1. Output the peptides 191-200, 110-119, 55-64, 11-20 sorted from most to least packed, where packing is the average of other Cβ atoms within 10 Å over each peptide's residues.
2. Roughly how many nanometres apart are two label points built 7 Å out from the Cα toward the Cβ at residue 208 and residue 5?
3. Can you tally the net charge around residue 126? Count Lys and Arg as +1, Asp and Glu as -1, for every other residue whose Cβ sits under 12 Å from the Cβ of residue 126.
4. Once amide H atoms are built 1.01 Å from N in the peptide plane, which residues 5 or more positions from residue 70, or in another chain, come under 5 Å H to H?
5. Taking the Cβ-Cβ separation of residue 24 and residue 176 as r and a Förster radius of 35 Å, what is the calculated FRET efficiency to the nearest 0.05?
6. Using 1/(1 + (r/R0)^6) with R0 = 41 angstrom and r between the beta carbons of residue 188 and residue 56, what's the FRET efficiency to the nearest 0.05?
7. Does anything in the range 101-126 have its amide N under 20 Å from the 7 Å Cα→Cβ label point of residue 197, and if so which residues?
Amino acid sequence: MIPYNQLTIIRNRYRARELREFRKWVEVYFERSEPDGDDGVFDLEGARAARSHINRMLPRVLANVRAAGIEGPSARDVNTDPGRGLGRVDVLSRIFTARFGDGVDQEILDVLDMAIGVYDGDLGVAWIRTINPLYYSGRLLAFLMRGPKKFFSAIGLGRGPTIDEARVARLEAIAARLSETEDLIDNRFASLQDHQARNRADQGRQIAELAERLDFVERVLSAPKPARGIAAPRNEEHHTPV
């Protein structure tokens, strides 16, 4: 199965939606099932339908979780509880044998939550892959390198006709170069987004300052003018004729 960091937006959203749906059915099953007298579990009314959905979806969910890199502490540093091995994919196969009170039910939900978080965290890059032509070029080259070998192996011809090693090395170098170019484009796109965000923030501050100044000028111009009083008479000496 294609790893999570090589998916387009459609496949990314499909896997995340499938994991969320599976988690809901697991919660329904845990809510509607109770332990029996022998520390086992028997299904209450309504839990059998949830169990049926879980059994049908479990193979795909296991593949989706493995493709998300949730393989335990040795593969990914996702352990958030030092007392329990979170991230173990095999715990999903213990949904119907989990014992109440041993914490396995919560561990199952933790694994699903981590896988959903991986796909949601890769959402922005998945959009870039979807519109990036270099991604499709790299996928095509990878198919051309692996396709003939898989085809001849499937029809029972062993390894089949071999391709020149130098040509394979050149194709692998081209694919690696395309992958590096894709990473450079992703980094450049992220830096452009940061630069644009800073410019918009500066423009927003400048517009706010201009609005404050215009408001001040408007208030000054609209203020009523003080009334003019009558001037005091001037003291002048009056000379009378003698």
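Rule-based calculations on the coordinates, nothing more; no lab input. Because the structure is a prediction, the values reported are computed rather than measured. Please note: Cβ atoms are built from the backbone with ideal geometry, for glycine as well, and neighbour counts cover all protein chains shown.
1. Values: 191-200: 10.1, 110-119: 21.2, 55-64: 15.4, 11-20: 18.0.
Per-residue mean Cβ counts within 10 Å order the peptides as 110-119, 11-20, 55-64, 191-200.
2. Rounded to a tenth, the inter-label distance reads 3.8 nm.
3. On the way: positive: 11, 13, 15, 129; negative: 120, 122, 186.
So the surrounding residues net to +1.
4. Counting only residues 5 or more places away or on other chains, the set is empty.
5. On the way: r = 41 Å, r/R0 = 1.16.
That pair, residue 24 with residue 176, gives E of 0.30.
6. On the way: r = 43 Å, r/R0 = 1.06.
It comes to 0.40.
7. Residues 118-126 fall inside that zone.
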